[in-house]
Amino acid sequence: MKYLIKESQYRSLVEYFSPMENLKTIFDYYFNIDNKKPYGTKDFKSYKSIKLFQKYVDLIFKYTKKMSEIDGVKKMMVEKVEVTPWGEDFNNPRRGPARLDWKVHLYPVIDEENPPKSQEEFEKQYEGFKQQFERVSRGIGMEYIQPVEDKKTKKITVGYLFGKVNINP
């Protein structure tokens, strides 16, 4: 038996099931399987965006670590993700905003087995690392991949806010 549906019905089905694209993430969130929920998680939408950004941040960290020296850091963790729309047309909500600004709050995870030698040396390496991290992010085209891209918005920017770390001797 075959069923025929109209194109509008098909679009409605796609819109309805698009949040279900990653069922594991949904189950992890709602059934509290993920014991290490990020700090900035207040609802499923923020949880999903933090998890998706973490994958890209891990990839960017891997390439940046090869190009820039930073001792005593295991990885960068995404603490919170903020998105700010600019230039919304309230008379025509289908158009979408003119610009989206994404702010990703990051902090370094210090390696306990191999900590940095001194605070001054770490800060010097960290500054160079931050600049290289942003270059690699632009190089892979962060503005054009999920979860950042938006079909309605043409101008998208991604900025990183790096947390400060104090090394205890």
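None of the figures in this text is laboratory data; all of them are computed from the coordinates on show. As the structure is a computational prediction, the values presented were derived from the model and not from experiment.
Quick notes on this structure:
- Close amide H contacts of E79 (hydrogens built in the peptide plane, cut-off under 5 Å, sequence separation of 5 or more or a different chain): H105, L106, Y107.
- Relative contact order (%) - the range 39-162, alpha-carbon pairs under 8 angstrom, separation at least six: 31
- Backbone geometry of the range 85-99 corresponds, through the Karplus equation with coefficients 6.51, -1.76 and 1.60 at θ = phi - 60°, to 3J(HN,Hα) couplings of x, 10, x, 7, 9, 6, 6, 9, x, 5, 5, x, x, 6, 8 Hz, x marking Gly and Pro.
- Checking the Cα-Cα distances for K45/K65; K117/K155; K62/K155 against a 32 Å cut-off, the pairs over it are K117/K155.
- When Rg and the Kirkwood Rh are both derived from Cα coordinates, the Rg/Rh ratio for the range 52-149 amounts to 1.10.
- For the residue pairs K6/K154; K130/K152; K6/K152; K80/K103, the C-alpha atoms sit more than 20 angstrom apart in K6/K154; K130/K152; K6/K152.
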